[in-house]
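In what follows, a single structure is set out as C-alpha cells and then discussed.
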Amino acid sequence: MMTKEDLRDTQILVNLSAIKKNVKLIKEFTGPEVAVMAVIKANGYGCGAAAIAPTLIESGVNCLAVATLTEALELKEVNPSYPVFILGYTPDRLLHYIVEKDIIQTVFSLEQVKLLNDIAAEHQKTVKVHIKVDTGFHRLGKEPSPEYAEEICQMFKMENVQIEGIFSHLALVNDEENEKQFTLFCDFIKDLENKGCHFKYKHIADSIATIDYPHYHMNMVRPGALLYGMRGFHKGFIPVEQAISFVTAVSQLHEVKKGEGIGYDYLWTAERDSLVATMPFGYADGYPRNLRDKGYIIINGKKAPVIGVICMDQCMVDVTDIPDVTVGTQAVIYGNGDDGSMTIDEASKLAGTNKNDILCRLSARPPRKYITE
Ligand SMILES: *Cc1c(COP(=O)(O)O)cnc(C)c1O
C-alpha cells in the first residue's frame, strides 16, 4: 500500500528534528524565565499545523498561537487540552466557540470581555484572554490611555474571565521606533500594575525582535518564522535550520530546436538546440508565478533555470547542460542551500517578497512528508 505522500512526486518535506532543534535553540537563547508561544498560523507556515503541533509540544513550548478561530478549532480537534491562543479578532457571534473549546482569545474592548464573561458563566467556565495594546502598529488593540486603563481595570472584575496576559506588536521600523513602542508598552503595564492589574504573561517580541532585541523578551516571546528555521535577523544570530524543503521529479523531456518557443505566449525561445524538462509543479502548489526566468531547481547537483511562463500545475526547466536527466530524475525546488538549492530566503528575494509569504503560500495540494533525522 502506497502512503498518501507517494501518490505525487512533488512533495513538501518537513524536518521535524529541525523544528525540535530550533525550539531548543530559542529556549536556550531566551532562558528559563521566558515562555515560548509557538506561532503556527497559516497551517504552520506551510508545514501542516496539526502535524507539527505534537513536535512543538514535546519540545516544551508553552502555548500554540494561530491567527483565526478556524485555525484554533483545527488544533483543538487533535489536542483539546493544550493551550491555543488566537492572535487575531474573533467576532462576537463566534465567541461561544472560544468558551466551549477553551481557546485563549485576544481582546481589546470591555464589551467583548463582558460578552465572554456571560457566555463563560452560562457554561460554568473561566475563559482566558490576553489584552492587546496598540503601541503604534495601528492594526489591533487600543492605544495606551487613562480610558483604556480604566476599561482594563473593569475587565479584571469579570468573574468568569481570567486576564492572563497583555501584549503588543512591533512595526520594526528602526531601533528608535522599536524603543518608543517598547517604552510605551512598559509604561502602560506599570500604570496598570499600580492600579492592581497584574499579568502572568507580557509579550511583544516576534522572531526578529526575539533575536535582535533580547531586552524585549519580557516573560514571553512569540516566534513563528524562527521555528521553521528562517534567519531574518539583523543584529543577533542563532543557527536555526530550515525545516522545509520542496522536491519534485521530471515528467517529460523535450528536444527543442533553436528558435522554437515554449509555454504560453512562447515567452521563452531557445537560443540554441536545447533539452527542456517538464516538471510537475506550478503556481497552484504555491510556487511564485513571478519566478519565471529567475527561479531554478537543482537536478543532478546542477542548476536548471525555470524557463517560460510558470503554469498552474507544471513548469519547464532548461537541462541542456545537465547530464543524465531522465523521466523520474529527482529535483529540489527549495532546499537548505547545501546542495546549491534555492533557499526560502533566496526565493523570497527573487520573488520580491518575504520568507513568510513564500512559506505560507505553499498550497494544500503537495503532500507533506514528515521526516526525522
Ligand atoms: C505572525 C505573528 C507573529 C510571528 O511572526 P514571525 O515574524 O513569523 O515570528 C508574532 N506575533 C503576532 C501578533 C503575529 O501576528
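So the values come out like this:
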quantity	calculated
Residue within the range 145-162 that is under 22 Å from residue 35 (Cα atoms) and modelled with pLDDT of 95 or more present	yes
Residues of the range 252-268 satisfying the condition of being touching a Gly at 6+ places or on another chain (Cβ under 9 Å) and surrounded by fewer than 22 Cβ atoms within 10 Å (Cβ to Cβ)	261, 262, 263, 264, 265, 266, 267
Meets criteria (within 14 Å of the ligand (Cβ to nearest atom) and open to solvent by less than 10 Å² (accessible area, probe 1.4 Å)) for residue 53	no
Complete set of residues in the range 104-114 that are more than 16 Å from the ligand (Cβ to nearest atom) and assigned to a loop (DSSP other than H, G, I, E, B)	109
Residue match in the range 240-248 (condition: under 25 Å from residue 362 (Cβ atoms) and acidic (Asp, Glu))	yes
Any hit, the range 295-303, residues being crowded, with 19+ Cβ neighbours inside 10 Å, under 25 Å from the mean Cα position of the chain (by Cα) and either among the hydroxyl-bearing types (Ser, Thr, Tyr) or within 16 Å of the ligand (Cβ to nearest atom) (or both)	yes
Check on residue 171, assigned to a helix (DSSP H, G or I), over 26 Å from residue 117 (Cβ atoms) and within 14 Å of the ligand (Cβ to nearest atom)	no
Strands (runs of 3 or more DSSP E) enclosed by the range 194-286 - at least 1 residues per element that are within 16 Å of the ligand (Cβ to nearest atom) and either modelled with pLDDT under 95 or closer than 21 Å to residue 17 by Cα (or both)	244-249
Answer from 69, 95, 73 - the residue that is over 18 Å from residue 37 (Cα atoms) and of a type in the set (A, V, I, L, M)	95
Of residues in the range 16-46 being among the polar types (S, T, N, Q) and open to solvent by 20 Å² or more (accessible area, probe 1.4 Å), the one nearest to the ligand (Cβ to nearest atom)	43
Leading residue by the ranking (farthest from residue 221 (Cα to Cα)) among those in the range 81-90 that are open to solvent by 40 Å² or more (accessible area, probe 1.4 Å) and more than 14 Å from the ligand (Cβ to nearest atom)	81
Which listed residue is surrounded by 14 or more Cβ atoms within 10 Å (Cβ to Cβ), part of a helix (DSSP H, G or I) and within 15 Å of the ligand (Cβ to nearest atom), from 117, 178	178
Hits in the range 1-15 (condition: open to solvent by 30 Å² or more (accessible area, probe 1.4 Å) and either modelled with pLDDT under 95 or closer than 16 Å to residue 336 by Cβ (or both))	1, 2, 3, 4, 5, 6, 7, 13
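The values are calculated or read from the model by the stated rules, or taken from the named source; none is laboratory data. Remember, it's a predicted structure, so these values are computed and weren't measured experimentally. Positions of Cβ are backbone-derived with ideal geometry, glycine not excepted, and every protein chain shown enters the neighbour counts. Accessible surface is based on the protein model in full, side chains and every heavy atom, while ligands, DNA and RNA are left aside. Shrake-Rupley method; radii C 1.70, N 1.55, O 1.52, S 1.80 Å.
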